[in-house]
Each structure stands twice: as C-alpha cells, then as structure tokens.
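*Asks:* Quick one: this structure, given as structure tokens, is what I'll be asking you about.
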Amino acid sequence: VTTDTSCTNFSNSGVDRIFSFSVPAGKTLTAVVFPQGWDAAIYVLDPAQCGAPSTTCLSGSDRGTSDAPETVSFFNNTTVDRNVYIVIDAFSSSVSGGTFNLLTNLTP
C-alpha cells in the first residue's frame, strides 16, 4: 500500500502488514502497535481506496522513533458496520520492519 504524506506526515514505503477489522456502527476502534527494534507507522485505510496510487488514510500515526508505540483511533459514525484495514508499515523500503505486538479495542 502506498500512502501519501497526509496519513502520518511521512512517506512510509516499507513492508506492509495489513489486518482487516469490522467496526460496528457507533463504535471506535483503537489500535496500538508496539514495535520491537524498529520504527513503525500505523494507519487505518478504507478497503475501497486501497487501489489508488496515493491512498489517503482515515487515521494515522508515525512519531518517528524506534521502539515507540504508535496509536490510531477510528470512529464509525455511520449506521452500519464498516470494514477497515489496519496497516503496520516500516518507514523505508530498505527496512523490512520486524517483530511487533498489535493491541486493538472497540469502545462505545
């Protein structure tokens, strides 16, 4: 997935790990990535936009610090469940990423 800089204020061209979630209507999905030994970015994408050459995100975070947790939240303000992708990304194509833990939570 290639995102423009509006997602995290950085270009994140590294290896992607993509997770699919269904967010119920009126709920907030919060996701936190805990990278181990590398600088991760995390963002939420609409699956319908993933084919675009410069995909914009629904939420994103990249503070630019190795080993620092990154957090995103997405509120589904519609009346139906909404599918989204959580993307864990490395900052550079020369960095493959590494081990991480992903914590997700749905709240009213």
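The values are calculated or read from the model by the stated rules, or taken from the named source; none is laboratory data. Everything numeric in this text was worked out from a predicted model, so none of it was measured. Because the Cβ atoms are built from the backbone with ideal geometry, glycine has one as well, and the counts that use them run over all protein chains shown.
*Asks:* Do you know which residues across the stretch 4-30 are farther than 12 Å from L45 by Cβ and modelled with pLDDT of 95 or more?
*Replies:* Passing the criteria: S22, V23, P24, A25, G26, K27, T28, L29, T30.
*Asks:* Which one of the conditions (1) under 19 Å from N9 (Cα atoms); (2) modelled with pLDDT of 85 or more does T55 fail to meet, given that it meets all the rest?
*Replies:* Result: T55 passes all but (2).
*Asks:* Right, next: Could you check the stretch 54-90 and list, in sequence order, the residues that are in contact with a Ser or Thr (Cβ under 7 Å, 6 or more places away or on another chain), over 16 Å from G26 (Cβ atoms) and in contact (Cβ under 8 Å) with a residue 60 or more places away in the chain?
*Replies:* Filtering the stretch 54-90 down to residues in contact with a Ser or Thr (Cβ under 7 Å, 6 or more places away or on another chain) leaves 54-57, 59-62, 70-75, 81, 83, 85, 90.
Then keep just the ones that are over 16 Å from G26 (Cβ atoms); that gives 54-57, 59-62, 70-72, 85, 90.
Those that are in contact with a Ser or Thr (Cβ under 7 Å, 6 or more places away or on another chain), over 16 Å from G26 (Cβ atoms) and in contact (Cβ under 8 Å) with a residue 60 or more places away in the chain: Y85, A90.
*Asks:* So if I check each of S61, S73, S92, which one is surrounded by 12 or more Cβ atoms within 10 Å (Cβ to Cβ), small (G, A, S) and modelled with pLDDT under 85?
*Replies:* Numbers: S61 fails: modelled with pLDDT under 85; S73 fails: modelled with pLDDT under 85.
That would be S92, the only listed residue that is surrounded by 12 or more Cβ atoms within 10 Å (Cβ to Cβ), small (G, A, S) and modelled with pLDDT under 85.
*Asks:* How many of the residues in the stretch 4-48 are of a type in the set (V, I, T), farther than 15 Å from V72 by Cα and in contact with a strand residue (DSSP E or B) (Cβ under 9 Å, 6 or more places away or on another chain)? Lay out the reasoning, then the answer.
*Replies:* Of all residues in the stretch 4-48, those of a type in the set (V, I, T) come to 5, 8, 15, 18, 23, 28, 30, 32-33, 42, 44.
Filter once more, so that each one left must be farther than 15 Å from V72 by Cα: 5, 15.
If we keep only those that are in contact with a strand residue (DSSP E or B) (Cβ under 9 Å, 6 or more places away or on another chain) too, we end up with 15.
Qualifying residue count, the stretch 4-48: 1.
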